[in-house]
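The values are calculated or read from the model by the stated rules, or taken from the named source; none is laboratory data. These numbers were taken from a predicted model, which means no experiment stands behind them. FYI the Cβ positions are ideal-geometry reconstructions off the backbone, even for glycines, and counts take in every protein chain you see.
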Amino acid sequence: MARFGLGQAGRFVLGLLGMGLIAAAVSALAAPHGHYPAALLARLADVAKLDFGPSTMAGTSAAAELARRLPATLELLGAGFAFALVLGAPLGLALSSGRVLRAAAPLIQIVAAAPVFCAGLVLIYIAVKAFGWRDLSFTGTSLFDAAMSGDAVALGHAFRVLVLPVAIVGGAGAACVNLAIRRALDEAAEQPYRRGLRLMGLPALDIDAFYVAPHVLARILADLGEIARALIAAAVVVESVFGWPGAADLFVKSVALHDWNVVALILVLFAVIALAAELIGNLSAALLTPAERAP
């Protein structure tokens with residue numbers, strides 16, 4: 001177990017070092033033509049000191065601009081992750097049935113193949129036509145702030161603004177959760193201990209609760225990095241489609257306007273989130289099922 005933990009920590013550090021090199025290479029793109037090699041060396045030193053320089057788009061430091069946008073993205077990712085668990089867990093359990101899976105396979109393939117921005121446009125159309133939600137612009141008031149204020153109008157607007165982006169981002173994460181559960185159940189179905197425990201008279205419900213459930217949870221935790229990457233990728237598209245004032249939308253605008261210092265900083269941020277999720281997930285899964293990862 002100790003060897004496994006050290007290996008995971010080493011992967012995390014190497015991932016951060018690699019992302020730092022990429023960030024420096026991106027940030028150096030702002031150098032004048034012909035000065036890229038010298039600028040790259042300078043940016044490597046700055047990135048090592050966590051100094052990403054100014055934002056040419058905002059006129060402030062890249063870190064200050066990111067700090068202003070980051071809470072909105074964290075709110076979207078956090079709510080999307082919760083939605084992914086709520087939707088993906090029962091979906092994965094339902095689709096573990098062979099009969100249900102065969103019946104739903106065509107629909108699953110169609111939904112999985114649809115781009116995220118198409119899902120956003122479809123949900124906007126449904127919200128406008130079916131529910132009459134005309135104003136979906138973000139006003140700067142979060143759902144939590146609206147709830148604490150007690151203003152029913154502000155609360156309703158904050159809910160309308162949040163629910164569609166969360167549904168799309170959470171749907172992308174739910175697909176990963178669903179896949180993790182189905183993989184875990186397929187693996188558990190092939191384990192010889194199930195038949196042995198049944199022959200010993202242990203009920204199927206107890207076998208699933210005490211032996212299969214930890215294996216399923218461990219698989220979800222082991223795929224936490226993949227889930228985080230899916231949420232981040234969806235957030236980049238969703239924030240652009242809905243005008244969500246977060247770091248992901250800032251990333252797209254910075255690429256378009258060649259604000260490379262901000263691009264580099266946001267790339268590092270997204271990498272840290274994904275790598276940290278992967279590290280925490282793998283270590284938690286190893287603690288939950290130590291026999292499977294014993295050195």
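Of all residues in the range 36-51, at least one satisfies being modelled with pLDDT under 90, among the acidic types (D, E), surrounded by fewer than 17 Cβ atoms within 10 Å (Cβ to Cβ) and out of contact with any Cys (no Cβ under 7 Å at 6 or more places or on another chain). Just so you know, in the range 242-289 the residues that are of a type in the set (G, A, S) and surrounded by fewer than 19 Cβ atoms within 10 Å (Cβ to Cβ) include one that is farthest from R68 (Cα to Cα), and it is S284.
Listed here are the helices (runs of 4 or more DSSP H) enclosed by the range 157-241 that have at least 1 residues being at pLDDT 75 or above and surrounded by 17 or more Cβ atoms within 10 Å (Cβ to Cβ): 213-222.
Residue by residue, here is whether (1) of a type in the set (S, T, N, Q); (2) within 20 Å of V262 (Cα to Cα); (3) part of a helix (DSSP H, G or I); (4) in contact with a strand residue (DSSP E or B) (Cβ under 9 Å, 6 or more places away or on another chain) holds:
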{"site": "G18", "(1), (2), (3), (4)": "no, yes, yes, no"}
{"site": "A23", "(1), (2), (3), (4)": "no, yes, yes, no"}
{"site": "L41", "(1), (2), (3), (4)": "no, yes, yes, no"}
{"site": "A45", "(1), (2), (3), (4)": "no, yes, yes, no"}
{"site": "F52", "(1), (2), (3), (4)": "no, yes, no, yes"}
{"site": "G59", "(1), (2), (3), (4)": "no, yes, no, no"}
{"site": "R69", "(1), (2), (3), (4)": "no, yes, yes, no"}
{"site": "A79", "(1), (2), (3), (4)": "no, no, yes, no"}
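Condition check for L21 on (1) at pLDDT 90 or above; (2) surrounded by 15 or more Cβ atoms within 10 Å (Cβ to Cβ); (3) not charged (D, E, K, R): one failure, at (2). Comparison of P71, P32 shows that the only residue that is surrounded by fewer than 16 Cβ atoms within 10 Å (Cβ to Cβ) and farther than 28 Å from G171 by Cα is P32.
Scanning the range 254-272 for residues that are under 18 Å from the mean Cα position of the chain (by Cα) and among the aromatic types (F, W, Y) yields one hit, F270. If you go through the range 219-269 and pick out every residue that is among the charged types (D, E, K, R) and free of Cβ contacts under 8 Å to residues at least 12 places away in the same chain, you end up with 0.
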